[in-house]
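Derivation of every value follows stated rules applied to the coordinates shown; laboratory data play no part. This structure is a prediction, so every number in the text was calculated from the model and none was measured. Methodologically, a virtual Cβ is constructed for each residue, glycine included, from the backbone with ideal geometry; neighbour enumeration extends over all protein chains shown.
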Amino acid sequence: MTETPTSPSPAPGSGEPRSFPERLLGALQLDATVFDEVEHDPSALPQAAGVVALAAVAGGIGTIGGGGLAGIPMGVLGALFVWLIGTGIIWAIGVRMMEHTSDYEELLRTLGFASAPQILLVLGILPIGPLRALLALGVTILALIAWVLAVRQALDVETGRAVLICILGFIGSVIVFRALSFLTCGAAF
């Protein structure tokens, strides 16, 4: 079982934890030490929520041609909801089913920072036409890598196991969100 320090890990090469912008940039660069740092820093939870919200706003701005800014507040609320539920599913799979060590808040922090690549969706506002699909694909791949890194660091598992947990988490999330959609909207399964 791993120990959880009470204070955040220092930034590499210094005695101080990284600032929010440094953590955000590190998460965008897929720096595993950032995910490890926020895993052990309980004060990073509001920052993680901020990354999720920032990613939702960036995605909303990047798709501004599809409905304007009016949908951004609901997009932020939706992103925060998906983050909370998705993390719960990953936690249930990784900790309860596979018996790895972590707690829900550690996963919330690491998976919140794993949303950082989605901030790049703001580039969709540029007049790049057919390249938007390529941008979306690239951001999706970066986000998936970030999620695997976040799960790997939070659960202290090998990369292959983190990939498996993320795949199972995705399948579980689809099932849960389809069920919620059916229950709330009567939408077809």
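The table that follows gives values for the structure above.
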{"item": "For the range 14-43 versus the range 74-127, the gap between their alpha-carbon centres in whole angstrom", "result": "16"}
{"item": "Whole-angstrom Cα spans of the chain along principal axes, big to small", "result": "47, 38, 27"}
{"item": "Ranked by how many other beta carbons lie within 10 Å on average, peptides 32-45, 165-178 from highest", "result": "32-45, 165-178"}
{"item": "Expected 222 nm ellipticity per residue - DSSP helices of 4 or more, -39500 (n - 2.57), all of the chain, to 500", "result": "-20500 deg cm²/dmol"}
{"item": "Helix runs (DSSP H) in the chain reaching 24 Å along axis by Cα, Kyte-Doolittle at least 1.0", "result": "45-62, 72-91, 131-155, 159-185"}
{"item": "Unit charges on C-beta of K, R, D, E only; dipole of the chain, Debye", "result": "820"}
